[in-house]
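Asker: Would you mind keeping the following structure in view while I ask a few things?
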Amino acid sequence: MQYIILGLILMILMLLYFKVADRFNIIDKPNQRSSHTEITLRGGGIIFWFSALLYFVQNIESNFFFFAGITLVSLVSFWDDIQSLSNKVRISIHFLAITLVFYDLDLFTSMPIWWIFISYVLAIGLINAYNFMDGINGITGLYTLVVLGSLLYVNTKVQLFTDGTFVKYGMIASLVFLFFNYRKKAKCFAGDVGSIAIAFWVIYLVLKLILMTNSLIWLLFLAVYGVDAVCTILHRLYLKQNIFEAHRLHFYQILSNEYKIQHRLVSLYYGVVQIVVSILVILLYQKINDYILFAIIIIPLLLMYSIKFYLINKSNLRLTV
């Protein structure tokens, strides 16, 4: 009953936000590099912050630093959705928010300085990678459900590392968002406020699990997004492009834009592949060496990603004929 009530409250808040977004013209206008063709309300991902708020008011003492951090990244991201901000401002706020999380998790006293530096780079990089991957209907909501579902299973069956309700609040928010976004014609897009906020939530949970188990393999719960985002960044650097500008070179964009595969189907593909990866991680945890497990997961994903270059070349040949 608790989660049904939560879902209803979030649904009402989403509908109220639509009125605000419509009133103040908070919209996403497609351009030549967009994967959509119609003007759509932006910022629907604010539902993730609302869900975090509802959890926070019930768990103020144990949730303060996380909520402060997610509020910071949500505010700057929402501002960026309305009026573009410089990368320096956004990254600075991300750094501050991650610092609050690190303080909450006692990283500054439990890890050497060089590990803390690596953790900053990894956390901020993952937050922005999650944002880069938010480009078609359903992909953020479905992928988030898979990641949070995997974390909830580990928390229940493998290693207790957090309050299970905390994970479920994120999952309910994802379901509500998907109700409006996982459509042929989406009612709203997540916007930076959505993708950044839920990325912050997911990374906080993954980091807690890593610290609890002293194992990095849980990063593989983000493997599909990670491989696509990192490889695409490297590809764009090779092409001497500005990695912060909009583009259409992610694998999901090639499938959606060049090969006209339905957005919802591409999003489902990403979710299903991550489910397979997460199952392998859970089954093989503590049964094989962590480095070997990383290789078992990452190498096939790299091979899958490499298909993109064949598709790009084939598409270019088709256009020149």
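Asker: Pull up the range 53-75, narrow it to residues that are modelled with pLDDT of 95 or more and polar (S, T, N, Q), then point me to the one that is farthest from Asn128 (Cα to Cα).
Answerer: Thr71
Asker: Can you name the helices (runs of 4 or more DSSP H) wholly within the range 11-128 that have at least 1 residues being closer than 22 Å to Leu175 by Cβ and under 18 Å from the mean Cα position of the chain (by Cα)?
Answerer: 46-58, 60-82
Asker: Do the conditions hold for Lys29, that is, is it modelled with pLDDT of 90 or more, surrounded by fewer than 11 Cβ atoms within 10 Å (Cβ to Cβ) and more than 30 Å from Phe65 (Cβ to Cβ)?
Answerer: no
Asker: Just checking, does the range 136-144 include any residue being touching a His at 6+ places or on another chain (Cβ under 7 Å) and not β-branched (Val, Ile, Thr)?
Answerer: Looking through the range 136-144, at least one residue is touching a His at 6+ places or on another chain (Cβ under 7 Å) and not β-branched (Val, Ile, Thr).
Asker: Which one of these is out of contact with any Leu (no Cβ under 7 Å at 6 or more places or on another chain) and surrounded by fewer than 16 Cβ atoms within 10 Å (Cβ to Cβ): Asp134, Asp106?
Answerer: Criteria check complete, one pass: Asp106.
Asker: Does Ile210 qualify as being surrounded by fewer than 24 Cβ atoms within 10 Å (Cβ to Cβ), at pLDDT 95 or above and among the hydrophobic types (A, V, I, L, M, F, W, C)?
Answerer: It is true that Ile210 is surrounded by fewer than 24 Cβ atoms within 10 Å (Cβ to Cβ), at pLDDT 95 or above and among the hydrophobic types (A, V, I, L, M, F, W, C).
Asker: What pairs can you find where one residue is in the range 157-177 and in a loop (DSSP other than H, G, I, E, B), the other is of a type in the set (Val, Ile, Thr), and their Cβ atoms are less than 6 Å apart, with a gap of 6+ or different chains?
Answerer: Gln159/Thr213
Asker: Looking at the range 293-315, I want the residues that are surrounded by 12 or more Cβ atoms within 10 Å (Cβ to Cβ) and have a partner that is assigned to a helix (DSSP H, G or I) and among the hydroxyl-bearing types (Ser, Thr, Tyr) with Cβ atoms under 9 Å, at least 6 apart or on another chain. Which pairs are those?
Answerer: Here the result reads Tyr305/Thr232; Lys308/Thr232, each pair linking the range 293-315 to a residue that is assigned to a helix (DSSP H, G or I) and among the hydroxyl-bearing types (Ser, Thr, Tyr).
The values are calculated or read from the model by the stated rules, or taken from the named source; none is laboratory data. Just so it is clear, the model here is predicted, and its values are computed rather than measured. Here the Cβ is made from the backbone with ideal geometry for all residues, glycine too, and neighbour counts use every protein chain on show.
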